[in-house]
1. Would you mind getting the Kirkwood hydrodynamic radius of the chain from its Cα pairs, rounded to one decimal in Å?
2. What does DSSP give for region 77-204 in terms of the percent of beta bridges that are antiparallel, rounded to the nearest 5?
3. Under a 5 Å amide H to amide H cut-off, with H placed in plane at 1.01 Å, what residues pair with V180 once short-range neighbours are removed?
4. Mean Kyte-Doolittle of at least 1.0 plus a Cα span of 24 Å or more along the axis: flag which DSSP H helices in the chain meet both, please.
5. List, in order, the whole-Hz ³J(HN,Hα) value for each residue of region 83-90 obtained from phi through the Karplus relation with A = 6.51, B = -1.76, C = 1.60 and θ = phi - 60°; use x for Gly and Pro.
6. At 0.36 nm per residue, minus the direct Cα-Cα distance, what do E287 and V137 gain on full extension? Give it in nm, one decimal, please.
7. For region 146-153, in order, what is each residue's ³J(HN,Hα) by Karplus, 6.51 cos²θ - 1.76 cosθ + 1.60 with θ = phi - 60°, in whole Hz (x at glycine and Pro)?
8. Scan region 265-363 for chymotrypsin sites (Phe, Trp or Tyr not before Pro) in coil per DSSP, keeping those whose Cβ has at most 16 other Cβ atoms within 10 Å, and list them by number.
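Since every read-out is calculated from the coordinates, none of them should be taken as a lab result. Please read these numbers as outputs of a predicted model, since none were measured by experiment. Don't worry about glycine lacking a Cβ; one is built from the backbone with ideal geometry, like all the others, and counts go over all protein chains shown.
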Amino acid sequence: MRRALTLAAALALASVLAGCAVAGGGSSPTPVVTATGSLEGAVPLPDPAHATGPVTAAIPDGALVPIDDPAAPSLPVEVVSHDPGGDRQVEVTDASRLLALDISGSLAATVWGLGLGDLLVGRDMSTTFAQAADLPVVTSGAHAIDAESVLALRPTLLLTDGTIGPRDVVEQLRASGVTVVFLPAEPSLAGASDLARVVGEALGVPESGARLAERIDQQVAAIRAQIDALAPPVDRPRIVFLYLRGDAGVYYLFGEGSGADDLIRALHGVDVAAELDWQGERPMTDEALVAAAPDVILVMTDGLASVGGIDGLLAAKPAVALTPAGERRRIIDMADGVVLGFGPRSPEVLEALARALYTEPGS
């Protein structure tokens, strides 16, 4: 009871302070750091665990580069579709009008990385890389597939991973004659290269899939080695990932299996969600966030904007102001369709986050 009353009093004070921050306004522009391909030569922060101020991590618009000399699909191929109701054998005979849809944009990015982007006829809302900008969007703000929009594109093949639906819409598309393949996808850096292989197999270009997977692994390994040299051996920053959607009143803390955990470990941060045994994506509680005491909060850029920026977040969730990250406004944001989109751009994502976390802006 005493702990609850103490937290309640602290939250009340934080609410007042957060309200003052909103009224005062006048925050300096958030610096932006962009991946360059290497962390070598960057100027390290003297004390990353106690750094102050927000940073936006970004990757170049042209970061999604396909493999050299891509192969054309060799079809038909027999693949296993990992349907939610059980595995089934599926024959892929035509990939000429392709949709690759998932919640993070990883599938379409992988197709592009294989050099087969010209097969794509539409995209999900999380597919935001520049080369796909002109493709029509066939999912809604809730990541739901619009059957009419899909059928209007006359797709011959739909690749998905079960993270978007509704399931009856996917079955409706299958019943209409669209070949549907559910692919396994793990939200992790290792999962990015695994996805390259399974997409390559489904499209009849297994050698290309293996080459893309090898490229991802090599680039990630190089960046991780540079992070090893840059990150402090002790007093590592405590990091938590918050998923924010202010218009829907959604404030989630991402834990084990969300993909955020893998990024935090690769960054040599302390994954405080793991300390809390936080599994998957669950609504944030004031108690959990205050107990986590993060030094750094990772968020999606549009998510942060949806709550009115940092001032809006502090006002809506005063518990954030009680954390070291909130006190120091140490919020690192990255584009929604990038930060957890494990695929060919994962090396750039990791590098950009490491720059934001460990280096002086502008270095």
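1. Across the chain, the inverse of the average 1/r is 21.4 Å.
2. Within region 77-204, antiparallel bridges account for around 40 percent of the total.
3. Amide H neighbours of V180: L158.
4. Passing helices, by number: 2-24.
5. 4, x, x, x, 5, 8, 7, 10
6. Value of the extension gain: 50.1 nm.
7. Coupling constants for region 146-153: 8, 4, 5, 5, 5, 4, 5, 8 Hz.
8. On the way: sites: W278, F342, Y358; in loops: W278, F342.
Passing sites in region 265-363 do not exist.
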